[in-house]
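Worksheet: the structure to be examined is printed underneath.
The values are calculated or read from the model by the stated rules, or taken from the named source; none is laboratory data. Please read all numbers here as calculations on a predicted model, not as lab measurements. Cβ coordinates were reconstructed from backbone atoms using ideal geometry, including for glycine residues, and neighbour counts include every protein chain displayed.
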Amino acid sequence: MTRITDRDLPFGLATRAVHAGQEPDPLAGAVTQPIFQTSTYVQDGLGRNKGYDYARTVNPTRQALERNVAALENGAHGFAFASGMAAIHAVLTLLSAGDHVVCGENVYGGTHRLMDRVLSRLGLTFSFVDTREADTATRAVGPQTRMLFVETPTNPLMRLADLAALGAMAADRGLLFVVDNTFATPVFQRPFDFGADVVLHSTTKYLNGHSDMVGGIVVVRRDDLAERLAFIQKSVGAVPGPFDCWLALRGTKTLPLRMRRHDENARRIAEWLAHDRRVQAVHYPGLPSHPQHELACRQMRGFGGMLAIETGSLERARRVVERTRLFALAESLGGVESLIGHPASMTHATVPPAMREAMGLTDGLVRLSVGIEDPEDLIADLDQALTRLGAHG
Ligand SMILES: *Cc1c(COP(=O)(O)O)cnc(C)c1O
């Protein structure tokens, strides 16, 4: 189990991003955390070691990443995993057969698939609900409900959940409140401030930020949850290798800088698109026209780099995503380079079509992960991709 030290806590976010969890290496004084590429550690004698026995259980490079992200989230304990999905799986195995989970209907497609196609076979039950209104989630709570799982903003429709209202409800009903904070990152949203019990990330996205590894992390404040997660982490063994931890750790050092730029660029692009007749709708919480803009201003410090546009049809969406040059057509998000995607056929292809339709995830929807390039270049790229599309009907 990895606990951040008290000295990590008094600093601001940018300082923590650079320093938390990292001491200069005692051997040579290396300023960056070494990559401890080892499976095991020499023991001083029977039952005597330096706190490290086997690398599935504990690795100093992984520990540095866990402490760093725990400090960024204002949490106490971090647990790194081999992917975001492995992190979500670990959190769900805090539950037992017969337990019920209330989950946002617009969560990451892989999260929905894990719940609906894998864990439901093992005796967990799930209700997928629109978490824009806390009351809708409250109505889904039954006697077996143990967990409330939400994403905000959601992928790709950028809908918000009211963290304070849901946190109060979860506390009232004794539910474990889990927030996937991948989209907002701790730079723009700190779910522990609103009563979350567990905050998790796909570190593949903004935390690493350079599209060169896959990973996940879970952060908690409570010691009892930390003890159980440490047990699950070592028992299941879905741990990341030290090099991937090192990459993620290098990524988090610049997280506050990068997020500010993602946010600036996305705001400019969203405002530009909002006035463009070739686009039917722009989903971005930073736009005053977003139906939950006021909530976004209340619970977020910025709006992030993700937005979605409604082009009107599959054919129009296809033309846009195949015509951009800087925005690369690819799955994933949160890297320094801009990406474009078609949720209905890519990230959300596993969500049943009827459910996609019911929540407004249309075939004409196009998702943008706005990178940190020059905004003028990004706008010019989208402009040429939208050319000849014509104003929608
Ligand atoms: C990508 C993503 C995940 C899954 O993470 P992986 O690292 O791809 O396993 C979970 N939640 C959200 C919001 C994501 O964007």
Conditions (1) outside any helix (DSSP H, G or I); (2) away from the ligand (no atom under 16 Å from the Cβ): number failed by Leu295: (1)
First in region 57-83 and in contact (Cβ under 8 Å) with a residue 24 or more places away in the chain, second anywhere and part of a helix (DSSP H, G or I) and of a type in the set (Phe, Trp, Tyr), Cβ under 7 Å, 6 or more apart: Thr61/Trp246; Glu73/Phe192; Asn74/Phe192; Gly75/Phe192
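Criterion first (among the aliphatic types (A, V, I, L, M), in contact with an Asp or Glu (Cβ under 6 Å, 6 or more places away or on another chain) and under 23 Å from Leu255 (Cβ atoms)) does Ala87 satisfy it?
Criteria not met by Ala87.
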Residue, farthest from the ligand (Cβ to nearest atom), within region 47-74, restricted to residues that are under 21 Å from Tyr108 (Cβ atoms) and not acidic (Asp, Glu): Leu72
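Residues are listed down the side, and each one gets a yes or a no for (1) small (Gly, Ala, Ser); (2) under 11 Å from the mean Cα position of the chain (by Cα):
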residue	(1), (2)
Phe149	no, no
Thr152	no, yes
Arg159	no, no
Ala164	yes, no
Phe188	no, no
Filtered residue count, region 220-244, keeping only those that are more than 14 Å from His89 (Cα to Cα), more than 14 Å from the ligand (Cβ to nearest atom) and surrounded by 24 or more Cβ atoms within 10 Å (Cβ to Cβ): 1
Residue that is surrounded by the fewest Cβ atoms within 10 Å (Cβ to Cβ), among those in region 335-362 that are in contact with a His (Cβ under 8 Å, 6 or more places away or on another chain) and modelled with pLDDT of 90 or more: Val336
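Filter region 363-378 down to the residues that are exposed (fewer than 15 other Cβ atoms within 10 Å of the Cβ) and assigned to a helix (DSSP H, G or I) and list them by number.
Glu376, Asp377 - these are the residues of region 363-378 that are exposed (fewer than 15 other Cβ atoms within 10 Å of the Cβ) and assigned to a helix (DSSP H, G or I).
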Residues that are more than 12 Å from the ligand (Cβ to nearest atom) and of a type outside the set (Gly, Ala, Ser), drawn from region 75-92: His77, Phe79, Leu92
Boolean, Phe183 is within 18 Å of Ala70 (Cα to Cα), aromatic (Phe, Trp, Tyr), touching a residue at least 60 places away in the same chain (Cβ under 8 Å) and within 14 Å of the ligand (Cβ to nearest atom): yes
Filtered residues of region 195-206 (kept if near the ligand (Cβ under 10 Å from one of its atoms) and of a type outside the set (Gly, Ala, Ser)): Leu200, His201, Thr203, Thr204, Lys205, Tyr206
